[in-house]
Amino acid sequence: MESGDGGAQDVRAQAEQAIQGVQDRVEELRGYAEDAGEWVKGFARERPVAAVAVAAGIGFLLGRLFSRS
C-alpha cells in the first residue's frame, strides 16, 4: 500500500506553478508601470501646462468621488 505522498506532491507542484504564474504576471505589470511612468514624464516635459491641467482635473474628480463616501 502506498503512503499517499503522490497527491501531496501534485498539490505542491500545482501551487508552485501558480506562484510562478503570479510572479510572471507581477513582472509584466512592473514593466508596464515603468513604461507608463516614462510616458507620463515625457508628456509632462513636452506639455507642462496640459500635465498640470490633467492632474488638477483628476484631483478634482477624486475629491468629488471621495467626498461622497
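Nothing in this text is a laboratory measurement; each read-out follows from the coordinates by a stated rule. Quantities reported herein were computed from a predicted structural model and do not represent experimental measurements. Every residue, glycine among them, receives a Cβ derived from its backbone with ideal geometry; neighbour counts consider all protein chains shown.
Inspect segment 61-69 for any residue being exposed (fewer than 10 other Cβ atoms within 10 Å of the Cβ), in contact with a helix residue (DSSP H, G or I) (Cβ under 9 Å, 6 or more places away or on another chain) and not in a loop (DSSP other than H, G, I, E, B) and give the result as yes or no.
no
Could we say that residue 49 is in a helix (DSSP H, G or I) and surrounded by 10 or more Cβ atoms within 10 Å (Cβ to Cβ) here?
In short, no.
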